[in-house]
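The values are calculated or read from the model by the stated rules, or taken from the named source; none is laboratory data. Note that the structure is a prediction, hence the values are computed from the model and not measured. Note that we place each Cβ from the backbone using ideal geometry, even for glycine, and neighbour counts take in every protein chain shown.
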Amino acid sequence: MKNILNKKLVERYSRQIVLKDVGPLGQKKIIKSKVLVVGAGGLGCPVIDYLSRAGVGNIGVIDHDKVNTSNIHRQSLYNSRDIGKFKVSVLKKKIKLVNPQVKIKTYKEKIEKKNIKKIFKGYDFIVDGSDNFKTKFLLNKYSIKYKKILIVGAISKMDGHIFTFDFKNKKNPCLKCFYQSEPSDEVLNCEREGILGPLAGIVGNIQAIEILKKILNLSKESNKKILILDLLNLNFRKAEFNKKKNCICKNF
Ligand SMILES: [Zn+2]
């Protein structure tokens, strides 16, 4: 661990090193951490941006889409000149400028059963920035299997949901414990349902904070809770849920 923090880096991260919950040791943990972000859209952009600023040393990003005009109102790493370019190519260049210390590995593909094992292998923390339940449940299943920490986010209209799952502890519940049946993806269809742009930033930034707390071993209380944001009424609440007896998470 020694010598990771030279003078220049101490200065770069000084405002968070000064936090008693971070300190030089915490900063070294952040620098050594490996986080995979699935999806480089509304949630993925703030997660990648802030985690790279915080100094997360290894960030993987998987996304197969190109930037289109309708993305820009909420996907904060892209601007009008990026339209038509692959999201991962654009953000890789931008993150290099934000923090050259970050090793960013991009995957221009879709996460699927056939590639997930190989991609998951290099990371301890998984951030769900996907826009569909099929992907969320796939990440849930394999995060249980490979004992990852998974932060799930979902956004629609002016509502957001955030879950923190820690599968290093077998007593913790999973996404299936909460949603016994898979919800329809129509709920998350932002083309049809609409979404207020800044909501993506709020939920993505909370996901980034949850990741940093997990890296720093600060969060224990969020493992069995969902955070529900209702921005229209400025209502933030936590709801607790437990592990279900016959859920897919019991056999792992
Ligand atoms: Zn479960």
- prompt: Does any residue in segment 114-129 that is at pLDDT 95 or above come within less than 9 Å, Cβ to Cβ, of a residue that is exposed (fewer than 13 other Cβ atoms within 10 Å of the Cβ) and of a type in the set (Asp, Glu) six or more places away or on a different chain, and which pairs are these?
  reply: 115/109; 119/109
- line: Per the list (1) exposed (fewer than 14 other Cβ atoms within 10 Å of the Cβ); (2) within 26 Å of residue 52 (Cα to Cα); (3) within 16 Å of the ligand (Cβ to nearest atom), residue check on residue 170 breaks on (2)
statement: Among helices (runs of 4 or more DSSP H) completely within segment 72-164, the ones holding 1 or more residues that are hydrophobic (A, V, I, L, M, F, W, C) and over 28 Å from residue 178 (Cβ atoms) are 87-98
- prompt: Among the residues of segment 176-184, is there at least one that is over 28 Å from residue 87 (Cα atoms), free of Cβ contacts under 8 Å to residues at least 40 places away in the same chain, among the polar types (S, T, N, Q) and part of a loop (DSSP other than H, G, I, E, B)?
  reply: yes
- prompt: List pairs: first in segment 12-24 and crowded, with 17+ Cβ neighbours inside 10 Å and part of a helix (DSSP H, G or I), second at pLDDT 95 or above and of a type in the set (A, V, I, L, M, F, W, C), Cβ under 7 Å, 6+ apart or cross-chain?
  reply: 16/22; 16/54
message: Looking at 242, 223, 233, 246, can you tell me which residue is polar (S, T, N, Q), under 17 Å from the mean Cα position of the chain (by Cα) and either within 16 Å of the ligand (Cβ to nearest atom) or outside any helix (DSSP H, G or I) (or both)?
response: 223
